[in-house]
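The values are calculated or read from the model by the stated rules, or taken from the named source; none is laboratory data. Quick caveat: nothing in here was measured; it's all calculated off a predicted structure. We place every Cβ from the backbone using ideal geometry, glycine too, and count neighbours over all the protein chains shown. These area figures cover heavy atoms from the full protein model, side chains too; ligands, DNA and RNA do not enter into them. Shrake-Rupley method; radii C 1.70, N 1.55, O 1.52, S 1.80 Å.
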Amino acid sequence: MGGNMYAPLLLQGWSLLMGWSLILAPHFDTAAVVSDEKHVVVLGKESGRTDHPAEAVYEEGPVIDGERNGLWKRFHNNGLLRSEIHYSGGVPFGDYRLYDNQGRLYEEGRWEYGMNVGKLLRYWPNGSLQQQLAFDSQGVAQGQQRHYHDNGQLEMVVELEDGEESGDLIRLDREGRVIQRTTFRNGQLVQRDS
């Protein structure tokens, strides 16, 4: 892929609540692609990263008219899948999945216009659900948000309206017993019972 310039292009890593970080990925020269689709494979030596084996596949996916479109896969330096991110018009848009360096799924959700929308799921290393979060079409947390202990037991549940707590926030121990109830109204603490 001669003539590629490297530019921050791909948002990778933890999503909205964990803070996305930019990493370098190839910028595709639109003059090199003439109104058609081609599958692009980027090797470690072409990625601009020094922590990835030079001849190993770093990422791959379709390019249409010089922009990423469709499912792009990125790989850890051990060869295992790191992420599956859908693109539209060169930017992340659609469903995504993130994997740790042992190949375990740790997050899946939907990315639109630079934010999480819909359901966001995070998993413990043992595969059990860690968080179940919900966002509206503007990326604002809405509705019931759930956090779980690594044994699968509910740890916390809260209702959000426009990103603020509303109603009861309930915390539970590893056996499912309520250990704290906090009541909110319009994002303000009203009462806490322990």
Within straight cross-link reach of K119, meaning Cα distance under 26 Å, which lysines are found once same-chain residues fewer than 8 apart are removed? K73
With a cap of 13 neighbouring Cβ atoms within 10 Å, and only residues DSSP puts in a loop, list the GluC sites (Glu not before Pro) found in region 49-155. E55
Let me know the Kirkwood hydrodynamic radius for region 35-194, please, with Cα pairs as the basis and the value in Å to one decimal. 18.1 Å
Given a 1.4 Å probe, the accessible area of region 72-194 per residue, as a whole number of Å², is 53 Å²
